[in-house]
Amino acid sequence: MTIPTLFDRRLVFVLGKGGVGKSVVAAALGTAWARAGLRVVIAEVANQHRLSDLFATRDVARNTPTELAPGLFGFSIDVDKSTEDYLASHIKVRPLVDLLVRSRAFHNFAAAAPGLPELVTLGKIWELAVAVEGGRPVWDKVVVDCPATGHGIALLQTAGNVSALASQGPVRDQAHRIEEVVKHPAATGIAIVARPEELPVAEAIEAVSTLRADDFPVAATIMNAMAPRRFWPEDAPALGRVGLENPRASAAVQAALQAHHHATLEHDHLIELATGTQTTPIVMPDLGPVPIDAAALAILADALSGTRHAVDAVRGS
Amino acid sequence: MSIASLEGRRVIVCCGSGGVGKTTISAAIGLALARTGSRVAVVTIDPARRLASALGLAALGDEPRQVDIGPTGSWGELWALQLDAKATFDRLVQRHAPNPDAAQRILENRIYAHLSGAVAGSQEYMAVERLNELTEDPRFDQIVLDTPPAQNALDFLDAPARITHFIEGKSLRMLLSPGAAAGHLGWKMLHAGSSTVFTILERVTGAQLLRDLGEFLAAFDGMYSGFSERAEAVHTLLHSPRAAFVVVSSADDEPVHEAGVLVERLTHDRFPIGGAVMNRIRPMPVTAPPTRDELTAVLAAAGAGDPADLAERALAQLEDDRIRALRDRDSCARLTRLLGGRAPVQVPDFAEEPVEIAGLGHVADALCR
């Protein structure tokens, strides 16, 4: 039996340091799957509004799937609304739910209780992942655009924390069911995203080891925004020999040498990510200073699907 | 903005989108202020442990450590620390519990163990408490606070208010532990109204979790007013002219957009904005590009294997650099507009993230220019 790749998983959490491009990776992954004919939902956490920007669509509605592209939906998780849904599903008697939701004591408590927003958010993701209609799953793939590393890991750990905290009762049972899905080694996968820079790579390595120690299924590392390589070691000697006599030629040569140096550093960071996490990182190209739109996402989706087994896995599922 | 505008401010809060180099800029602001003779503490509350490397320290702890900033003379001092939410919470409980037994009860409570250590959100609560501790610390003239990425930076702004809400949840606390409130005037009335809420909640949480929660909240009896006062103190400080918020951005679209959202929010809530920093600006090429033939000839003379091909790639690179530099200028102009005409301080792209104090010095120089 082979280890399932990222592309075989149904529920994928995209995690990484702030600014590495988690939303772009989540959108590209969703695009790749939707173009292969799958029904995909990308869940956005904590009011990010990134999906509607990326797909240049109307705002992604709160707690309602909004179609971004054919077969691809966005879902913006609203904590207040989800808390209410959660209570409703347990209490069943609507007037009682309304009483609780309207009570000031409950609101103050819910707004301040650390961990409650995370549990409710994770619960909503779990609902998307297990939703069934007419005997088949509502979503073929659920992609989660997580908050930045520290908060993202805390989000993943919430279910475990709560089920450890409450020894019995409906909350505990629910947290336990969520934890089972979130940690499922075949159904769920966590993709750790980095950029080819020192600190994001260090943070990705730390995140992978934290998650593995806690039995979370790390499915892939992704190196986002690698500059396409334009110069090679054999170009360097000639470039190095050009003097300063011609300032215009010299400026072009300096640009080339700097780009070469930069690419070498980026490559070192890629090696570091690979060795530090014992993974083969998926590489996504830097598209330059252009806004990421549907066309750019299509290119990035190709870059993702071009990686190992991606296309086959998509077809097989 | 210039560093001069931050002189004399008690607290400087650096906020902005993730990945813009906020931690580095916080440390560089700290260094620049230390050079003016001030004794500065730089605090990072970002869960990522970035500050240590930029400050050349192997690991940062919860206790401030003095950073060697080179030959001192008339310079002040630079100290750095990493927020440890659990350590701060533990200290808070030990300092403010009415007696050692009460402190012990809290520290041993199961809910407390999870709340103080693992649960997200406690970082922001504790950042407020830590900031409060540091403003009372006579060793420091100024405190520079790094914050988590934008969405969570807003959480941080909300943290004092949320703590106050939690305290206002005392009606819930009483209904959860009627024994603790039995002597309280008006308790009967309160309890009559809330018992229904209690009964419904219990159906969801289970009796045991709700009981634990009640014990946990009851253990904090006598500490609530302190919580409230400190949250209020920080709230007042952050809104006073003794504070300054610095919005940090890179030239990428998304961070500039987020910077705009932050500026709007800070302005709306009347937080004092000290200025903005545009980080990692790339220089505009100073000359016109060479012609292809000209460059091919130069590269051929330098012994390139395929000079025409190399010339082509070098020209493409030069053009890419020019486009990026143009975009960076555009972004500066956009941020200036978002700030109502105040230009951000521009920090050039130093290719490599500074990992030593000397590298941080270059960033500090750029901030002072």
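Nothing in this text is a laboratory measurement; each read-out follows from the coordinates by a stated rule. All figures in this text were calculated on a predicted structure; none of them were measured in a lab. Cβ atoms come from the backbone with ideal geometry, glycine included; neighbour counts cover every protein chain shown.
Structure data summary
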item: Sequence of B:SER17, B:SER5, A:SER305 once ranked by neighbouring C-beta atoms within 10 Å, starting from the fewest; result: B:SER5, A:SER305, B:SER17
item: Under-5 Å amide H pairs with A:ARG9, H placed in peptide plane, nonlocal only; result: none
item: Cα gyration tensor shape of region A:144-291, rounded if a/c is under 1.5, else prolate or oblate by comparing a/b with b/c; result: prolate
item: Equivalent ellipsoid semi-axes, region A:1-86, via Cα gyration tensor eigenvalues times 5, rooted, Å; result: 22, 16, 15
item: Order of A:PHE7, A:PHE55, B:PHE350, B:PHE227 under a 10 Å beta carbon neighbour criterion, fewest first; result: B:PHE350, B:PHE227, A:PHE55, A:PHE7
item: Charge context of A:ARG94, other residues only, Cβ under 13 angstrom, K/R +1, D/E -1; result: -1
item: FRET efficiency estimate (nearest 0.05) - Cβ-Cβ, B:LEU237 to A:LEU244, R0 41 angstrom; result: 0.15
item: Relative packing of B:256-262, B:21-27, which averages over residues the other C-beta atoms within 10 Å, highest first; result: B:21-27, B:256-262
item: Radius of gyration and Dmax over the Cα atoms of chain A, both given in Å; result: 22.3, 85
item: Average other protein chain Cβ within 10 Å of Cβ, residues A:235-242; result: 5
item: Residue-count net charge about A:ILE178 - beta-carbon cut-off 12 Å; Lys, Arg +1, Asp, Glu -1; result: -1
item: Residue-wise HN-Hα coupling along region B:127-133, computed from phi with Karplus coefficients 6.51, -1.76, 1.60 (Hz; x: Gly, Pro); result: 4, 5, 5, 5, 4, 4, 4
item: Shielding of B:308-314 by partner chains, average beta-carbon count, 10 Å; result: 5
item: Within region A:136-184: Cβ-based charge dipole about Cα centre, in debye rounded to nearest 20 (Lys, Arg +1; Asp, Glu -1); result: 80
item: FRET efficiency estimate (nearest 0.05) - Cβ-Cβ, B:ARG110 to A:VAL290, R0 41 angstrom; result: 0.20
item: Average Cα contact separation per residue, chain A, under 8 Å, 6 or more apart, as relative contact order %; result: 24
item: Listed peptides A:219-227, A:56-64 by packing density, highest first (mean Cβ within 10 Å); result: A:219-227, A:56-64
item: Backbone HN-Hα couplings from phi across region A:20-31 [Karplus 6.51/-1.76/1.60, Hz, Gly and Pro as x]; result: 7, x, 4, 5, 5, 5, 4, 5, 5, 4, x, 4
item: P(r) of region B:241-335 over all Cα-Cα pairs, binned every 5 Å from zero, in whole percent; result: 2, 12, 16, 14, 11, 9, 8, 8, 6, 5, 4, 3, 1
item: Total formal charge among the other residues, if their Cβ is under 15 angstrom from that of B:ARG292, Lys/Arg +1 and Asp/Glu -1; result: -4
item: Charged-residue dipole, Cβ positions (Lys, Arg, Asp, Glu), chain A about Cα centre, Debye nearest 20; result: 620
item: Protection proxy ranking, peptides A:69-77, A:199-207, average beta carbon neighbours within 10 Å, highest first; result: A:199-207, A:69-77
item: Shielding by other protein chains, B:201-210, mean Cβ within 10 Å; result: 6
item: Amide H contacts under 5 Å for B:VAL42, placed H, 5+ residues apart; result: B:TRP79, B:ALA80, B:LEU81, B:VAL144
item: Backbone HN-Hα couplings from phi across region A:140-156 [Karplus 6.51/-1.76/1.60, Hz, Gly and Pro as x]; result: 6, 9, 10, 10, 10, 8, 7, x, 3, 2, x, 6, x, 5, 4, 4, 5
